[in-house]
1. Taking interchain pairs and intrachain pairs at least six residues apart, which have beta carbon atoms under 9 angstrom, with the first residue in region 111-129 and farther than 21 Å from Gly7 by Cβ and open to solvent by 100 Å² or more (accessible area, probe 1.4 Å) and the second of a type in the set (S, T, N, Q) and part of a helix (DSSP H, G or I)?
2. Just a yes or no: is a residue in region 224-233 within 19 Å of Leu191 (Cβ to Cβ), aliphatic (A, V, I, L, M), at pLDDT 95 or above and crowded, with 19+ Cβ neighbours inside 10 Å?
3. Got at least one residue in region 32-51 being more than 15 Å from Ala88 (Cα to Cα) and in contact with an Asp or Glu (Cβ under 7 Å, 6 or more places away or on another chain)?
4. Which count do you get for residues in region 5-20 that are without any contact (Cβ under 8 Å) to a residue 12 or more places away in the chain and open to solvent by 70 Å² or more (accessible area, probe 1.4 Å)?
5. Kindly list, by first and then second residue, each pair from a residue in region 28-43 that is within 15 Å of Gly148 (Cα to Cα) to a residue that is part of a helix (DSSP H, G or I) and aromatic (Phe, Trp, Tyr), limited to pairs with Cβ atoms under 7 Å and residues at least 6 apart or on different chains.
6. Please determine whether any residue of region 192-200 is more than 21 Å from Leu168 (Cα to Cα), among the charged types (D, E, K, R), outside any helix (DSSP H, G or I) and free of Cβ contacts under 8 Å to residues at least 40 places away in the same chain.
7. Please determine, by comparing only the residues of region 98-110 that are out of contact with any Lys or Arg (no Cβ under 6 Å at 6 or more places or on another chain) and not in a helix (DSSP H, G or I), which one is most open to solvent (accessible area, probe 1.4 Å).
8. Pick out the one residue from Ile242, Ile224 that is assigned to a helix (DSSP H, G or I), under 24 Å from Leu169 (Cα atoms) and not small (Gly, Ala, Ser).
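The values are calculated or read from the model by the stated rules, or taken from the named source; none is laboratory data. Given the structure is predicted, the values throughout are model-derived calculations rather than measurements. Cβ coordinates were reconstructed from backbone atoms using ideal geometry, including for glycine residues, and neighbour counts include every protein chain displayed. We work out accessible area using only protein heavy atoms, side chains counted, and drop any ligands, DNA or RNA first. Shrake-Rupley method; radii C 1.70, N 1.55, O 1.52, S 1.80 Å.
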Amino acid sequence: MRIRLLGPCTVQQGHTPTVLRPSRRTNLLLLLLIEHDRIVPNRQLANELWGDEYPVHAINDLHAHVSRARRYLREWDPSDSAELRIHAAFPGYRLTGDRLVLDTEEFSELLALSRSENRRTAEASARQALALWGGRSFEGLRPGPVLGGIQKRLEEEKSLVRLRLTDLLLDQGRHTEVVPDLSELVTRHPLDERYHLRLIIALHRSGRPAAALEAYHRARQTLIENLGMEPGPQLRGCLQDILDGPKAD
């Protein structure tokens, strides 16, 4: 069984994927799947389902949602070939099963490989990790507090992979190649100095000091208008490099 969470959420057993629909039952099941083979405490499950607004009979309601999740599993895999089971395990529940593949786990493994000192391995792993994404994580669902925290971590890890790939390409002198991707990242994350920094470096080293200078001033204006702060020392250092003269490779 393959679970895709890095984009539109689907479960696939055989050839036909099933699109997951937003519900508390779905959220509970996904949390158990992400933490498979580990006990998820009742408190954590309840926090995902209701946040701080626990119902009066929260434990009984949680048990009812677990029963619905068990039935949902059988809908995913009527033949029971994956042998997925939800077990009561103090102080909560644990999901077990064979032949379970989550793209989030594949991504984590590739993220680790992208940090390799071997540049070829690192670049290939970073590209494979990013290829797993088909949109925003948990797309189409309504994550609660716990899944929301996991979603935030996954998105940050995706940013780290993109930054790692960019740095690898910059180190290889492939400055022009990374400009379009960095321009898009700056547009999507205008308050993140890491993307501004690399875009300015890429433009400068591509022999485009005027464009690099313009990118710096756009970054500075954005930071001042939205955060009330000047660029950090790395961005200011880039400005000085531009003013000192071109550094095209």
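1. From residues that are farther than 21 Å from Gly7 by Cβ and open to solvent by 100 Å² or more (accessible area, probe 1.4 Å), the pairs are Arg115/Ser125.
2. no
3. So far as region 32-51 goes, no, none of its residues is more than 15 Å from Ala88 (Cα to Cα) and in contact with an Asp or Glu (Cβ under 7 Å, 6 or more places away or on another chain).
4. Adding up the residues that qualify gives 2.
5. Leu29/Tyr72
6. No, because not a single residue in region 192-200 is more than 21 Å from Leu168 (Cα to Cα), among the charged types (D, E, K, R), outside any helix (DSSP H, G or I) and free of Cβ contacts under 8 Å to residues at least 40 places away in the same chain.
7. Among residues in region 98-110 that are out of contact with any Lys or Arg (no Cβ under 6 Å at 6 or more places or on another chain) and not in a helix (DSSP H, G or I), the one most open to solvent (accessible area, probe 1.4 Å) is Arg99.
8. Ile242
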